[in-house]
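Some notes on the structure that comes next.
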Amino acid sequence: MVQEAVTHPFSKYLREEMMPHIWCAGCGNGIVLNCFVHALDELKADLDKLVVVSGIGCIGRTAGYTNTASFHTTHGRSIAFATGVKLANPELDVVIVSGDGDLFAIGGNHFIHAARRNIGIKVICANNFNYGMTGGQLGPTTPLEALTTTSPYGNSEHPFNLVHLAAAAGASYVARWTTLHVRRLTQSIKRLMQKEGFCFIEVISPCPEIFGRRNKMRSGLEMMEWFRKASVVENFSDPAKADITPDRIVVGEFVDIEKMSYEKLFHEKIAQINEKAMEKMS
Amino acid sequence: MSIKRSLLTGAHFLNGDVACAEGAIAAGCRFFAGYPITPATEIAEHLSERMPEFGGIYIQMEDEIASMAAVIGASYAGLKSMTATSGPGFSLMQENIGLAVMTETPCVVVDIMRGGPSTGQPTLPGQQDVMQAKWGSHGDYEIIALAPCSVQEMFSLTVEAFNLSETYRVPVLLLGDEIVAHMYEKVVIPPPDKLRIVNRKKPHVPSKDYQPFMPEEDFVPPMASFGEGYRFHATGLTHDEHGYPKTQSSEVQARLVRRLCDKIRRNVDKIVRVEEIMTEDADVVVVSYGIVARSALSAVRKARAAGIKAGFLRPITLWPFPEKQVAKAAARAKVIVVPEMNCGQLVREVERVAKSTPVSFLSKLGEDPHTPTEIFEAIKRGI
């Protein structure tokens, strides 16, 4: 019997001509993209108003995979680029999907200043604890003592606690989930998309091929098992106490506050100036 | 503060940085991202006041890397965009200038040259970024760089820089120096209808047929903005006409990089501008640019008065280098004199095209540009 060709219900959100994707078996990036797309679908997002921006790294290919206007920037500069986009056209929804090295090592300065300004761009960070694309070097989120290709004797650097950093820098919305928490992550992305101001979600994502295999978690399943055992949901707990350890990954929403966004403050100022100019002319 | 939502049409006494900022406004620039740096800061200060009067954006970024990235973002969102800096900041911008080349982003980068290397002489003039302007970002590319020699040109060449950037979808550099930026001169700003303003080509096909990097006959693809319904992708990776990465294809790499260069190489006659005075019969031709050209013209006139057949050739576009014009002048001259405020940068290009005509280089570093007398003496030595 001839079967009718069926298109995937979410194919409209993806550039099918870009498939297959580059991600390894067991990688969590596909889950991040999946949750993002589900959130867009549930929100009935206007794809013509959406701009997806990425930096460099495995997850950085997301911009190319989503069927929206998209831009793949230089390493670390997605937030600075997105700042220009959002200010130039505040009607656009500007979402960044990028990695921990891109956003917090080379791009760390842009992250804290965008959060401080509270500019309305939305950042989803896949944190896989290392530089996957270049073959597994240590990064700003690599746990102490972890083995990577550039910490062969164990990592001696203290890692960032990203949710604490984002909260301290002034973000309006801060959450952390793992790729095991697909339902909560999807709901959290919806919240991120709807909120005013700078919003940030960290997604702990498995990288078994590059990070896991050097750290006694050879498969995606083993990494997910770690997330299952270690993660505890503690909504609105103190992000300063949310350091990631082998035994404990605090997940949940940490910050959800109302604060005027930078673009709104700036454009209100422009409107006032325009009014004065009109008064002067009349 | 009084609000002036119009061009400053008329004659004014301005410094070069302010004239540049007014040129940007006149050209239709509505987005400025920058970081304070001497001697370009006054451009940012003036635009922080003027941009909002026109509904435009001024943002002070956390550094020059961010400034350049934001400029590219704003241009893709549809606004004419610029940044302004000096040597150290120009160095930081280089990677994203390459991104602007690769993603064919119209934008203007003003570099007010001071003495380097490194922090160097923040308040003093230099012409030391000429080669960095051409070769500063990695990979093969061509670039357009304009060199104003007066406050009037800080205005008019800024307008021209925007027009070129919009015509060819390229970043255009304005290479001023500390003196043209900080000195005050008379500037005449024309009425808006007397200004030639160019806007980028827009696509005329539906979204599904739009290929963001498919060139037309002039090698330049029409450009859609974010939010106009064209769901296109752009990347700094080697990409095909759809904008999709094709990093393993030597064919796509060659086609893309050659076209990016050809946009400028094959349009060179439309882009290049020089000013020539008395070169037709000149035995000695002085090739100079920026503030140094002012002394050079004075020296050439002095030489003519002394009976020496001297000529003046000023590249207004440093890049692409005016090869034909310099070669032509060199072919009939006995010697070429090149005064520069560096250890020898544009003189290399002059030597390259001058062939057998001897080139005499006159280097000056530090506080002052060459005096007319110094250049006059060099002309006499050449003869």
Checklist outcome for this item: Flagged in the range B:346-383 as surrounded by fewer than 21 Cβ atoms within 10 Å (Cβ to Cβ) and touching a Lys or Arg at 6+ places or on another chain (Cβ under 9 Å), in numbering order, are B:V353, B:T357, B:P358, B:S360, B:P372, B:T373, B:E374, B:I383
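Quick check on my filter: what residues within the range A:175-201 are more than 23 Å from A:R228 (Cβ to Cβ) and open to solvent by less than 10 Å² (accessible area, probe 1.4 Å)?
If we filter the range A:175-201 for residues that are more than 23 Å from A:R228 (Cβ to Cβ), which is where we start, we get A:190-200.
Matches in the range A:175-201: A:L192, A:G197, A:F198, A:C199, A:F200.
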Next on the checklist: Where the second residue is in a loop (DSSP other than H, G, I, E, B) and open to solvent by 40 Å² or more (accessible area, probe 1.4 Å) and the first is of a type outside the set (S, T, Y) and lies in the range B:236-252, which pairs have Cβ atoms under 7 Å and are six or more apart or on separate chains?
Outcome noted: B:L237/B:T247; B:H239/B:K246; B:D240/B:K246; B:E241/B:Q211; B:E241/B:M214; B:H242/B:Q211; B:P245/B:L237; B:V252/B:K246
Next on the checklist: Taking the condition of being in contact (Cβ under 8 Å) with a residue 60 or more places away in the chain, in contact with a Cys (Cβ under 9 Å, 6 or more places away or on another chain) and not in a loop (DSSP other than H, G, I, E, B), how many residues in the range B:351-375 meet it?
Outcome noted: 0
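Just give me the residues in the range B:151-189 being part of a loop (DSSP other than H, G, I, E, B) and either charged (D, E, K, R) or touching a Gly at 6+ places or on another chain (Cβ under 9 Å) (or both), in sequence order. Explain how you work it out, then say what you get.
Of all residues in the range B:151-189, those part of a loop (DSSP other than H, G, I, E, B) come to B:169-170, B:183.
Hits for the range B:151-189 are B:R169, B:M183.
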Checklist entry - Among B:A33, B:A69, B:A21, B:A74, which is the only one that is under 20 Å from the mean Cα position of the chain (by Cα) and either more than 14 Å from chain A (Cβ to nearest Cβ) or aromatic (F, W, Y) (or both)? => result B:A21
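Considering A:K269, A:K264, which residue is open to solvent by 80 Å² or more (accessible area, probe 1.4 Å) and free of Cβ contacts under 8 Å to residues at least 40 places away in the same chain?
On the way: A:K264 fails: free of Cβ contacts under 8 Å to residues at least 40 places away in the same chain.
Every option except A:K269 fails the conditions.
Among what's in the range A:82-112 and is within 7 Å of chain B (Cβ to nearest Cβ) and under 15 Å from the mean Cα position of the chain (by Cα), pick the residue that is farthest from B:Y35 (Cα to Cα).
Narrowing the range A:82-112 to residues within 7 Å of chain B (Cβ to nearest Cβ): A:82-85, A:87-89, A:91-92, A:109-110.
Now drop any that are not under 15 Å from the mean Cα position of the chain (by Cα), which leaves A:82, A:110.
On the way: A:A82: 17, A:H110: 13 Å.
Selected residue: A:A82.
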Next on the checklist: Can you tell me which of (1) at pLDDT 95 or above; (2) surrounded by fewer than 24 Cβ atoms within 10 Å (Cβ to Cβ) is the one A:G84 doesn't meet?
Outcome noted: (2)
Next on the checklist: Any residue in the range A:171-192 that is touching a residue at least 12 places away in the same chain (Cβ under 8 Å) sitting within a Cβ distance under 7 Å of a residue that is part of a helix (DSSP H, G or I) and of a type in the set (D, E, K, R)? List the pairs, counting only those 6 or more apart or interchain.
Outcome noted: A:Y173/A:R191; A:W177/A:R184; A:L180/A:R228; A:K190/A:E42
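Somewhere in the range A:4-24, is a residue over 30 Å from B:K80 (Cβ atoms), out of contact with any Pro (no Cβ under 8 Å at 6 or more places or on another chain) and buried (at least 24 other Cβ atoms within 10 Å of the Cβ)?
Going residue by residue through the range A:4-24, those that are over 30 Å from B:K80 (Cβ atoms) are A:4-14, A:16-24.
Checking the rest, the ones that are also out of contact with any Pro (no Cβ under 8 Å at 6 or more places or on another chain) come to A:4-14, A:16-23.
Add one more test, that the residue is buried (at least 24 other Cβ atoms within 10 Å of the Cβ), and what stays is none.
The answer is no, given that none of the residues of the range A:4-24 is over 30 Å from B:K80 (Cβ atoms), out of contact with any Pro (no Cβ under 8 Å at 6 or more places or on another chain) and buried (at least 24 other Cβ atoms within 10 Å of the Cβ).
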Item to check | Condition check for B:M223: closer than 27 Å to A:L14 by Cβ, more than 14 Å from chain A (Cβ to nearest Cβ), in a loop (DSSP other than H, G, I, E, B) and within 28 Å of the chain's Cα centre (by Cα) | outcome: no
Checklist entry - Of all residues in the range B:45-66 being open to solvent by 10 Å² or more (accessible area, probe 1.4 Å) and more than 7 Å from chain A (Cβ to nearest Cβ), which is nearest to the chain's Cα centre (by Cα)? => result B:E64
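Mind telling me which of the residues A:A167, A:A171, A:A126 ends up being open to solvent by 10 Å² or more (accessible area, probe 1.4 Å), small (G, A, S) and touching a strand residue (DSSP E or B) at 6+ places or on another chain (Cβ under 6 Å)? Before the answer, list the steps.
Details: A:A171 fails: open to solvent by 10 Å² or more (accessible area, probe 1.4 Å); A:A126 fails: open to solvent by 10 Å² or more (accessible area, probe 1.4 Å).
That would be A:A167, the only listed residue that is open to solvent by 10 Å² or more (accessible area, probe 1.4 Å), small (G, A, S) and touching a strand residue (DSSP E or B) at 6+ places or on another chain (Cβ under 6 Å).
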Next on the checklist: For the range A:1-53, which positions are without any contact (Cβ under 8 Å) to a residue 60 or more places away in the chain and among the acidic types (D, E)?
Outcome noted: A:E4, A:E16, A:E17, A:D41, A:D46, A:D48
Item to check | Residue list for the range B:88-100, filter: open to solvent by less than 20 Å² (accessible area, probe 1.4 Å) and either of a type in the set (A, V, I, L, M) or more than 10 Å from chain A (Cβ to nearest Cβ) (or both) | outcome: B:G89, B:F90, B:M93, B:Q94, B:I97, B:L99, B:A100
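Considering each residue of the range B:195-228, count those that are among the small types (G, A, S) and either open to solvent by 20 Å² or more (accessible area, probe 1.4 Å) or modelled with pLDDT under 95 (or both), and give that number.
Filtering the range B:195-228 for residues among the small types (G, A, S) gives B:207, B:224-225, B:227.
Filter again for either open to solvent by 20 Å² or more (accessible area, probe 1.4 Å) or modelled with pLDDT under 95 (or both), leaving B:207, B:227.
Matching residues across the range B:195-228 total 2.
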Next on the checklist: For the range A:24-81: of the residues being in contact with a helix residue (DSSP H, G or I) (Cβ under 6 Å, 6 or more places away or on another chain) and at positive phi, which is nearest to the other protein chains (Cβ to nearest Cβ)?
Outcome noted: A:G76
Checklist entry - Which one of the conditions (1) of a type in the set (V, I, T); (2) within 14 Å of chain A (Cβ to nearest Cβ); (3) crowded, with 21+ Cβ neighbours inside 10 Å does B:T247 fail to meet, given that it meets all the rest? => result (3)
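The values are calculated or read from the model by the stated rules, or taken from the named source; none is laboratory data. Since the structure is predicted, the reported quantities are computational estimates derived from the model, not experimental observations. When we count neighbours, we look across all protein chains shown, and the Cβ atoms used for this are built from the backbone with ideal geometry, even at glycine. Surface areas here come from the heavy atoms of the whole protein model, side chains and all, with no ligands, DNA or RNA. Shrake-Rupley method; radii C 1.70, N 1.55, O 1.52, S 1.80 Å.
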